[in-house]
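The values are calculated or read from the model by the stated rules, or taken from the named source; none is laboratory data. Computed from a predicted structure; not experimentally measured. Positions of Cβ are backbone-derived with ideal geometry, glycine not excepted, and every protein chain shown enters the neighbour counts.
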Amino acid sequence: MSRERVRISNRVLIADDDPVIRCLVASVVTNEGCVAVEAKDGREAFQILQSNADFKAAVFDMSMPCLSGIDLIRYMRTEKRLQRIPVMMITAEQDLKLMSASFSAGATAFLPKTFTRELLQNALRMLLRTPTRTPVAA
Amino acid sequence: MQNQITVNQVTITRAILEHRSSSSQIGTEEIDLSGLTSLAELKSIGEPDLVVELIDLYLKDGPERIQKIKTAAARADATDLRQAAHTLKGSSASLGFHQISEICEQLERLDWRDSHHRLDALTELLQYKFTRLREVLLDLRRSRLANNNR
């Protein structure tokens, strides 16, 4: 029986309309030895995902123009090639109901936006080590 | 009703002036840069200073968001106003600029159709706080660039 070697991607898709948050998340992603692929809003992330599923994880802002983070997760969960990608949702909203809504849509982790570098780093490490989509509250 | 508005205007104006007065006494000490400077640890050798990069992005994006808030307020566009305030709230909070984040939070939650004067006051306060923060950030930027070049 031949063993097929599965290539594990080290790319992380980051979608946020805020350039400051994108830069911050991308820095942590790079620091963890991964390659950050940035999208400036939900539509751009959607376009990237349509043509490319080679991602180890994804980090989405919940509230973005065009397509929200939850819209993106719902789309990913309907596409077999994207279903395996763990997604962390980040949001500046304080409403805990949004955490529940994120998990219901299929998010793997949830991080409120008043995060410190350590919190973001730890949440991302958890996400990158997630073999399956098991919900994790950061 | 007119008296009520006048009282509110006076109250809000006084609040801003008192805030300015106490802020100027405190000087720059009230602006906590520890959240931003702690991000310097993420810098890799040979890469640009992340703190400088974040300052540049924030100082480019922040005024655009504030302008969007003002334009949306003038157009009475609640959706655009909330979106701009929401975004500025997120980046400000993540860099540790909690005063600006809190003002944005208030703007985001404001039922401003009933509170035009409060909207004006909050927008003015936001502009004022951002201008002060900008000065401090530019100082920090200069200082980091000077240290990096040594």
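Data table
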read-out: Residue in segment B:109-117 that is at negative phi, aliphatic (A, V, I, L, M) and in a helix (DSSP H, G or I) present; value: no
read-out: Residues of segment B:101-126 satisfying the condition of being within 12 Å of another protein chain (Cβ to nearest Cβ) and surrounded by fewer than 24 Cβ atoms within 10 Å (Cβ to Cβ); value: B:Ser101, B:Glu102, B:Glu105, B:Glu108, B:Arg109
read-out: Extreme residue, nearest to B:Arg82 (Cα to Cα), among residues of segment A:56-70 that are within 14 Å of chain B (Cβ to nearest Cβ) and within 8 Å of the chain's Cα centre (by Cα); value: A:Phe60
read-out: From B:Leu57, B:Leu95, residue being modelled with pLDDT of 95 or more, at the interface with another protein chain (Cβ under 8 Å from one of its Cβ atoms) and under 23 Å from A:Thr114 (Cβ atoms); value: B:Leu57
read-out: Cross-chain or 6+ apart pairs with Cβ under 6 Å, segment B:116-145 first and over 19 Å from B:Glu105 (Cα atoms), then of a type outside the set (Asp, Glu) and not in a helix (DSSP H, G or I); value: B:Val136/B:Thr28; B:Val136/B:Ile31
read-out: Answer from B:Ala85, B:Ala73 - the residue that is within 11 Å of chain A (Cβ to nearest Cβ), of a type in the set (A, V, I, L, M) and either crowded, with 18+ Cβ neighbours inside 10 Å or in contact with a helix residue (DSSP H, G or I) (Cβ under 8 Å, 6 or more places away or on another chain) (or both); value: B:Ala85
read-out: Some residue of segment A:71-90 being of a type outside the set (S, T, N, Q) and touching a Pro at 6+ places or on another chain (Cβ under 8 Å); value: yes
read-out: Counted residues, segment A:30-49 - those being within 13 Å of chain B (Cβ to nearest Cβ), under 26 Å from B:Glu41 (Cβ atoms) and either of a type in the set (D, E, K, R) or assigned to a strand (DSSP E or B) (or both); value: 3
read-out: Residue in segment B:48-58 that is under 12 Å from the mean Cα position of the chain (by Cα) and either crowded, with 19+ Cβ neighbours inside 10 Å or on the phi < 0 side of the Ramachandran plot (or both) present; value: yes
